[in-house]
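Here's the structure we're looking at; comments come further down.
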C-alpha cells in the first residue's frame, strides 16, 4: 500500500523551539468541506421527504444519526449507510478511508446515547463498538455487500470501527443491554 507523505510545516512550540508538524492535505480539507455541504443538503431532503429521497444510495440504505457533540454539547446529525443485524443497526466509521475517525464516532465514544431516523421513524439507540468475532462477522457481511468499505480499509492504517446501534431500553427495563464492549 503506497502512502503519500504528509505535508509538513514549521511551527513554534510553547517553549519557543521550532518543529515540523503535519498539516491536513488539500484533499483532506476538501473532503471535510464537501462532506459537510452534501451532508446538510442530504439531511434536509431526507427529512422533507421522509427518506423517500436520500433514503438509498448506490444500493445502500441510509439513516440519519443524531449524536451529541463532544465539544459543543449540540446535536449533530449525519446521513450514514447501514445494515440491520436482528434488532440492531450496524454502521461503519470509515470516514471514506481517511486517517481520522469521523466526528460522529468520536461523539458516540464520548456519549453513546443517540437517535436514528429511518424514513419518518425515530428511535433512541445506544452505541457500542463490535469486537472480536462479532466485528469479523459484521465486517465480512458489510464488505461482502458493499466492497467500497474494504477499499477504505486499504487506504488507512487505523482499523475501521464497526458500530452497533442497539435500541435504547426504557428506564424501567434496567438500561441498555451490554455485552461488555465499550464504544
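FYI, it's all coordinate maths here, none of it is from the lab. Since this is a predicted model, take the numbers as computed values, not measurements. Please note: Cβ atoms are built from the backbone with ideal geometry, for glycine as well, and neighbour counts cover all protein chains shown.
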Find how much the distance from residue 99 to residue 84 grows on full extension, using 0.36 nm per residue of separation minus their present alpha carbon separation; answer in nm with one decimal.
-> 2.8 nm
Round to a whole angstrom and tell me the spacing of the C-alpha centers of region 100-121 and region 52-99.
-> 7 Å
Taking the simple approach of a point 7 Å from Cα along Cα-to-Cβ for both residue 136 and residue 124, what is their distance in nm?
-> 3.6 nm
Seen from all sides and averaged, what is the projected area of the convex hull of the Cα atoms in region 55-181, in nm²?
-> 8.1 nm²
The residues 166, 121, 141, sorted from fewest to most surrounding Cβ atoms within 10 Å, come out as 121, 141, 166
Semi-axes of region 100-155's equivalent ellipsoid from the Cα gyration tensor, sqrt of 5 times each eigenvalue, largest first, rounded to whole Å?
-> 23, 15, 13
Tell me the label-point distance for the pair residue 52, residue 155, using the 7 Å Cα-to-Cβ offset, in nm and rounded to one decimal.
-> 3.3 nm
For region 30-124, go through all pairs of different Cα atoms, get the mean of 1/r, take its inverse, and jot down that Kirkwood value in Å.
-> 13.8 Å
